[in-house]
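A short write-up of the structure that comes next.
What follows is calculated from the coordinates using simple rules that are stated; it is not laboratory data. Predicted model, so just to flag it, every value in this text is computed and none were measured. No Cβ is skipped: glycine too gets one built from the backbone with ideal geometry, and neighbour counts run over all protein chains shown.
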Amino acid sequence: MNRAPTGRFVAAIVLGLLLGGILGECFGFFFGWVGELAGAGWDNNLRNLCVQSFDLDLGWANPLKIDLNLVKFSLGLGIKFNLMSVLGMGLAVYVEKWSRSK
């Protein structure tokens, strides 16, 4: 069985999340602007559907901070999911699976 490397699959997921997140922010800006023109206001339901996110912080409640006076390090990991990022991830996985050579 010829299987694509796992790295390619993970890269497709990360790329889909990034592009979907960017697309969600663009749609949020656009729908906020259209809401202002239509009289619904900037903070309308359609904009909130695109922009509202679920934040997942992995690690410590307060990230580890190292201050060396010249360089400052802050260690922590957070993930932010919204509707468009999940749709982008699904689309990227579908395209990656479809593009595999047989």
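Please identify which residues in the range 73-97 have an amide N closer than 11 Å to a label point set 7 Å out from the Cα of residue 37, following the Cα→Cβ vector. In the range 73-97, the label zone of residue 37 (backbone N under 11 Å from the point 7 Å along Cα→Cβ) covers no residue. For percent of Cα pairs over 24 Å apart, the value calculated from this model appears in [x] 48; [y] 33; [z] 11 under label [x].
For residue 46 and residue 64, the difference between the fully extended length at 0.36 nm per residue and the C-alpha to C-alpha distance is 2.8 nm.
When the chain is treated as a GNM with alpha-carbon contacts under 10 Å, the residue of 27, 81, 73 showing the greatest mean-square fluctuation is 73.
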